[in-house]
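Undergrad: Dropping the structure in here first, questions after.
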Amino acid sequence: MQIDAHDVLIVTDVQNDFCPGGALAVPRGDEVIAPIHRVAPRFEHIVLTQDWHPSNHSSFAASHPGKQPFESIELSYGAQTLWPPHCVQGSHGAEFHPALHLPQAELILRKGFRPEIDSYSAFFENDRATSTGLAGYLHERRLKRVFLAGLAYDYCVGYSALDARRLGLDAFVLRDACRAIDLNGSVAAMESQFAEAGVAIINTAELTS
Ligand code: VGL
Ligand code: ZN
């Protein structure tokens, strides 16, 4: 598959807290870095995202007395999974993994900074309505096909891919350049949504320049 000037690689949340040793470690999360580095030179445009929460964020179990991480609660916009505190603004855990080296990235998009709403997707927060601005950015730059890599496959990567389709963009998830949390069947659930929405799952080996 040929990559051209209207394509963008979105590298999702490759941050210390999602890698081994981090506060919300995705199993083998750091293994996404090598395939990302392998395909990055093929792309003219790269966007990085960064999960970026205030310390009192409503997605943190610690913000809800009596609740434990990985339980689900109802917030104003619907069900929200509770997480251990992670990616707190300015913390070491919120920094990109030190091995991630993509100085050519053109945008670093931060999300999840509103205390009352979580944001898995790089496009819309979890109310599925509050925009991060990324759709407008891609539109103004005439970027029409998104290729997604990073963490986590079944949360931030997956929701971003679904929203890309909702916005009329073509979406390709680079499966070998992602790792999953896999909480209560979340991988299978996400993949059935990919099928319904027309998100393509491909491997980095399928990309040529
Ligand atoms: C993520 C859970 C909570 C992700 C972020 O990057 O997939 N997952 N915050
Ligand atoms: Zn988060």
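The values are calculated or read from the model by the stated rules, or taken from the named source; none is laboratory data. Everything numeric in this text was worked out from a predicted model, so none of it was measured. Neighbour counts are summed over all protein chains in view; Cβ atoms, including those assigned to glycine, are modelled from backbone coordinates with ideal geometry.
Undergrad: For region 23-71, what are the residues that are more than 17 Å from residue 126 (Cα to Cα), touching an Asp or Glu at 6+ places or on another chain (Cβ under 6 Å) and within 12 Å of ligand 1 (Cβ to nearest atom)?
TA: Correct list: 23, 24.
Undergrad: How do the strands (runs of 3 or more DSSP E) wholly within region 43-116 filter down when requiring 1 or more residues that are more than 22 Å from residue 186 (Cβ to Cβ), of a type in the set (A, V, I, L, M) and in contact with a Phe, Trp or Tyr (Cβ under 9 Å, 6 or more places away or on another chain): which remain? It would help to see each step written out before you state the result.
TA: Working: elements: 46-51, 72-75, 78-81, 107-111.
In region 43-116, 46-51, 107-111 are the strands (runs of 3 or more DSSP E) which contain 1 or more residues that are more than 22 Å from residue 186 (Cβ to Cβ), of a type in the set (A, V, I, L, M) and in contact with a Phe, Trp or Tyr (Cβ under 9 Å, 6 or more places away or on another chain).
Undergrad: Is it the case that residue 137 is more than 12 Å from ligand 2 (Cβ to nearest atom) and of a type in the set (Ser, Thr, Tyr)? Talk me through it step by step, then tell me what you get.
TA: Working: more than 12 Å from ligand 2 (Cβ to nearest atom): yes; of a type in the set (Ser, Thr, Tyr): yes.
It is true that residue 137 is more than 12 Å from ligand 2 (Cβ to nearest atom) and of a type in the set (Ser, Thr, Tyr).
Undergrad: Since residue 93 meets every condition but one in (1) touching a helix residue (DSSP H, G or I) at 6+ places or on another chain (Cβ under 6 Å); (2) away from ligand 1 (no atom under 15 Å from the Cβ), which condition does it not meet?
TA: (2)
Undergrad: Also, quick follow-up: In region 185-204, how many are surrounded by fewer than 21 Cβ atoms within 10 Å (Cβ to Cβ) and in contact (Cβ under 8 Å) with a residue 12 or more places away in the chain?
TA: Keep residues of region 185-204 that are surrounded by fewer than 21 Cβ atoms within 10 Å (Cβ to Cβ), which gives 185-189, 191-198, 200-204.
Subset that is in contact (Cβ under 8 Å) with a residue 12 or more places away in the chain: 186-187, 189, 193-194, 197-198, 200-204.
The qualifying residues number 12.
Undergrad: Check residue 12 against each of (1) more than 16 Å from ligand 1 (Cβ to nearest atom); (2) within 16 Å of the chain's Cα centre (by Cα) and name the one condition it does not meet.
TA: Result: residue 12 fails condition (1) only.
Undergrad: Let me ask another. Out of everything in region 51-97 that is among the polar types (S, T, N, Q) and within 12 Å of ligand 2 (Cβ to nearest atom), what residue ends up being farthest from residue 116 (Cα to Cα)? Even if it seems obvious, please write down each step before you answer.
TA: So the first thing to find is which residues in region 51-97 are among the polar types (S, T, N, Q), and the list is 55-56, 58-59, 63, 68, 72, 76, 80-81, 89, 91.
Filter once more, keeping what is within 12 Å of ligand 2 (Cβ to nearest atom): 58-59, 80-81, 89.
Values: 58: 5, 59: 8, 80: 11, 81: 13, 89: 15 Å.
Top of the filtered list is 89.
Undergrad: Taking the condition under 17 Å from residue 121 (Cβ atoms) and at pLDDT 95 or above, does residue 181 pass? Walk me through it before giving the result.
TA: Numbers: under 17 Å from residue 121 (Cβ atoms): yes; at pLDDT 95 or above: yes.
Taking the combined requirement at face value, the residue satisfies it.
Undergrad: Please go through region 148-184 and give me each residue that is closer than 22 Å to residue 93 by Cα and surrounded by fewer than 18 Cβ atoms within 10 Å (Cβ to Cβ), ordered by number.
TA: 182, 183, listed by residue number.
Undergrad: For region 107-116, does any single residue satisfy the condition of being over 13 Å from residue 47 (Cα atoms), within 16 Å of ligand 1 (Cβ to nearest atom), modelled with pLDDT of 95 or more and touching a Cys at 6+ places or on another chain (Cβ under 8 Å)?
TA: Yes, because at least one residue in region 107-116 is over 13 Å from residue 47 (Cα atoms), within 16 Å of ligand 1 (Cβ to nearest atom), modelled with pLDDT of 95 or more and touching a Cys at 6+ places or on another chain (Cβ under 8 Å).
Undergrad: Here is a further query. Of all residues in region 33-50, which are surrounded by fewer than 22 Cβ atoms within 10 Å (Cβ to Cβ) and within 16 Å of ligand 2 (Cβ to nearest atom)?
TA: 50
Undergrad: Okay, moving on. If you go through region 1-9 one residue at a time, do you hit one that is surrounded by fewer than 16 Cβ atoms within 10 Å (Cβ to Cβ), modelled with pLDDT under 95 and away from ligand 2 (no atom under 16 Å from the Cβ)?
TA: Step one: filter region 1-9 for residues surrounded by fewer than 16 Cβ atoms within 10 Å (Cβ to Cβ), giving 1-2, 4-6.
If we keep only those that are modelled with pLDDT under 95 as well, we get 1.
Filter again for away from ligand 2 (no atom under 16 Å from the Cβ), leaving 1.
Yes.
Undergrad: Hey, can you tell me all the residues within region 109-134 that are more than 21 Å from residue 182 (Cα to Cα), within 16 Å of ligand 2 (Cβ to nearest atom) and of a type in the set (A, V, I, L, M)?
TA: 109, 117
Undergrad: Given the residues 86, 139, 101, which is the only one that is of a type outside the set (Ser, Thr, Tyr), away from ligand 1 (no atom under 14 Å from the Cβ) and touching a residue at least 60 places away in the same chain (Cβ under 8 Å)? Steps first, please.
TA: On the way: 86 fails: away from ligand 1 (no atom under 14 Å from the Cβ); 139 fails: touching a residue at least 60 places away in the same chain (Cβ under 8 Å).
Criteria check complete, one pass: 101.
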